[in-house]
Amino acid sequence: MSDAHDLTGKTVIITGAARGLGAEAARQAVAAGANVVLTDVLDKEGEATAAELGERARFARHDVTSEADWRRVVELAVGEFGGVHGLVNNAGISTGQFLESESVEHFRKVVDINLTGVFIGMKSVIPAMKEAGGGSIVNISSAAGLMGLALTAGYGASKWGVRGLTKTGAVELGTARIRVNSVHPGMTYTPMTAQVGIEKGEGKYPNTPMGRVGEPHEIAGAMIFLLSDAASYVTGAELAVDGGWTAGPTVKYVMGQ
Ligand SMILES: NC(=O)c1ccc[n+]([C@@H]2O[C@H](COP(=O)([O-])OP(=O)(O)OC[C@H]3O[C@@H](n4cnc5c(N)ncnc54)[C@H](O)[C@@H]3O)[C@@H](O)[C@H]2O)c1
């Protein structure tokens with residue numbers, strides 16, 4: 001990793017960091033020198049992940065849909081580490097329903113966590129980032145925020161919303177030196193996808209040009225890049241980290257073999 005990816009002296013809040021992509025981002029951010037506040041609704045797993053990372057990591061119980069929780073998390077970051085320079089809005093839940101069968105209640109819940117939670121997060125860190133002289137917000141959308149995907153009614157809507165909210169943030173906050181970008185993971189092996197039968201390994205996912213699902217460290221690397229000064233002129237961008245999934249249909253699909 002070049003010096004430009006160094007996060008020494010920066011404090012980063014990462015939501016949904018008890019496990020999966022958020023936990024891996026926290027590991028890589030600490031390894032790059034950052035102080036990290038890991039947040040989640042899973043207390044036991046969150047405490048354990050933070051404990052693994054040592055002195056420069058803290059865990060806070062945090063429901064991303066609660067403004068009061070966001071205030072506490074920002075206060076904790078400022079109180080413990082002196083400021084906020086980065087935010088990774090990673091917490092999320094998925095949908096596995098056809099549009100026709102998704103309940104209105106579940107649709108609202110998904111949008112509340114995946115989109116409204118990102119909005120409250122952005123709003124909550126802006127004053128502290130301005131105080132710090134700038135910052136980087138990384139919003140985790142999805143390949144389902146770049147294309148239409150079956151079985152993602154509320155999820156797809158929330159992830160397209162995250163992509164749009166990212167652009168609004170980028171255009172409003174550029175002169176405050178706050179960069180806002182979205183990351184769009186493809187199918188990646190985490191607890192979220194393991195539960196629906198996704199498998200790791202070459203050839204196990206032929207829908208994607210690279211023929212396999214991603215691994216958490218491959219997505220977290222993109223988050224670290226966007227948090228770091230290596231991305232100092234990158235804002236309003238949407239970074240697909242998906243093995244080519246959103247580039248277009250695979251040969252197998254086109255040729256039917
Ligand atoms: N794994 C994939 O294939 C994939 C693909 C595209 C996008 N993503 C996105 O990446 C992000 C992380 O996904 P993951 O695969 O690591 O899933 P995961 O389920 O392993 O982790 C998500 C974390 O978010 C937490 N969370 C859920 N609701 C919360 C709330 N209200 N407040 C705070 N935390 C909450 C969960 O407890 C969990 O620890 C999500 O936004 C997801 O939509 C994942």
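The values are calculated or read from the model by the stated rules, or taken from the named source; none is laboratory data. In this text, all values refer to a predicted model and were calculated from it rather than measured experimentally. Please note: Cβ atoms are built from the backbone with ideal geometry, for glycine as well, and neighbour counts cover all protein chains shown.
Can A144 be described as more than 15 Å from the ligand (Cβ to nearest atom), touching a Lys or Arg at 6+ places or on another chain (Cβ under 7 Å) and of a type in the set (A, V, I, L, M)? Spelling it out, it is not the case that A144 is more than 15 Å from the ligand (Cβ to nearest atom), touching a Lys or Arg at 6+ places or on another chain (Cβ under 7 Å) and of a type in the set (A, V, I, L, M).
One line per residue, one yes/no per condition, for (1) crowded, with 19+ Cβ neighbours inside 10 Å; (2) of a type in the set (V, I, T); (3) assigned to a strand (DSSP E or B); (4) at negative phi:
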| site | (1), (2), (3), (4) |
| --- | --- |
| F119 | no, no, no, yes |
| K123 | no, no, no, yes |
| N139 | yes, no, yes, yes |
| G169 | yes, no, no, yes |
| E172 | no, no, no, yes |
| T175 | no, yes, no, yes |
| V180 | yes, yes, yes, yes |
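Which one is surrounded by the fewest Cβ atoms within 10 Å (Cβ to Cβ) among residues in region 18-50 that are near the ligand (Cβ under 10 Å from one of its atoms) and farther than 14 Å from H62 by Cβ? The residue in question is R19. Scanning region 62-92 for residues that are without any contact (Cβ under 8 Å) to a residue 60 or more places away in the chain and closer than 29 Å to G156 by Cβ turns up H62, D63, V64, T65, S66, E67, D69, W70. Regarding region 195-218, can at least one residue be identified that is among the hydrophobic types (A, V, I, L, M, F, W, C) and either on the phi > 0 side of the Ramachandran plot or assigned to a helix (DSSP H, G or I) (or both)? No - not one qualifying residue is present in region 195-218. Within region 198-211, residues that are over 10 Å from M187 (Cβ atoms) and without any contact (Cβ under 8 Å) to a residue 60 or more places away in the chain reach partners that are more than 15 Å from the ligand (Cβ to nearest atom) and of a type in the set (A, V, I, L, M, F, W, C) with beta carbons closer than 9 Å, at six or more positions or on different chains, in the pairs P209/A247; P209/V251.
Among residues of region 85-116 being acidic (D, E) and either under 25 Å from P127 (Cβ atoms) or surrounded by fewer than 16 Cβ atoms within 10 Å (Cβ to Cβ) (or both), the one that is farthest from the chain's Cα centre (by Cα) is E100.
Just one of the listed residues (G134, G117) is out of contact with any Gly (no Cβ under 6 Å at 6 or more places or on another chain) and either under 13 Å from A91 (Cβ atoms) or free of Cβ contacts under 8 Å to residues at least 24 places away in the same chain (or both), namely G117. Here region 179-218 is the region considered, the condition is being of a type in the set (A, V, I, L, M, F, W, C), within 14 Å of the ligand (Cβ to nearest atom) and within 20 Å of L115 (Cα to Cα), and the residue that is modelled with the lowest pLDDT is M192. Kindly establish whether A77 is within 16 Å of P216 (Cβ to Cβ), in a helix (DSSP H, G or I) and away from the ligand (no atom under 13 Å from the Cβ). Judged against the criteria, A77 is not a match.
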